[in-house]
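What follows draws every value from the coordinates through simple rules; no lab data is involved. The structure presented is a predicted model; accordingly, all values stated were derived computationally and were not measured. For neighbour counting, all protein chains shown are included, and Cβ atoms are generated from backbone atoms with ideal geometry for every residue, glycine included.
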């Protein structure tokens, strides 16, 4: 299973490149890469600014269809993935739990997407995608589609319930993402407890 880390956001609310912010003695993206490395091989960074992440020593790929946000990143990552399926996560989710990732990747391969549901929300940037998605995804992107969840009705999607997720990540810390300075302060407190 390939691990794909999306590092393409503009970090507007943070005011600086959030993937490179420190959490303990490592950056946020290093924390994500370390967690994925426990479950996935290879781990690939999807970014249009590879010079920012060369210090990680990981393979990097760029968007093939530019300008459609995270969905462009998922598409590029899947396209270049050497495995039939890939786990996708944002670079701003430093508390990603390898056991929760394993729960998702161990679901049956017959699904195009395996996505967590937390409350009423799906977590499309913490999900497993099959290469079978690529033709539909590409058509959707080329027709102007941007929103990941708008693509889901065209695919076979398995939702993993919050109850299942809480069995391996009781506080659902895996889904905490850092968008603002306040989020960074909060994640620092959460990190110190883990």
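Summary of values
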quantity: Extension gain (nm, one decimal) between residue 188 and residue 49, 0.36 nm per residue minus Cα-Cα; calculated: 47.4 nm
quantity: Candidates 84, 98, 124: whichever shows maximal mean-square fluctuation once the chain is modelled as a Gaussian network with Cα springs under 10 Å; calculated: 84
quantity: For the range 74-194, share of DSSP beta bridges that run antiparallel, in % to the nearest 5; calculated: 70
quantity: Highest-MSF residue in the chain out of 177, 25, 52 [GNM, Cα springs under 10 Å]; calculated: 25
quantity: Beta bridges per DSSP with both ends in the range 1-94, % antiparallel, nearest 5; calculated: 15
quantity: Contour excess over end-to-end distance, with Cα ends at residue 25 and residue 79 and 0.36 nm allotted per residue; calculated: 16.2 nm
quantity: Gaussian network model of the chain, springs between alpha carbon atoms under 10 Å - residue of 165, 104, 155 with greatest fluctuation; calculated: 155
quantity: Residue-averaged [θ]222 nm for the chain, counting only DSSP H segments that reach four residues, each worth -39500 (n - 2.57); calculated: -9000 deg cm²/dmol
quantity: Taking the chain and dividing mean pair separation by its residue count, relative contact order in percent (alpha carbons under 8 Å, at least six apart); calculated: 24
quantity: Residues in the range 81-104 reached by a label modelled at residue 159 [backbone nitrogen below 19 Å; 7 Å Cα→Cβ]; calculated: 104
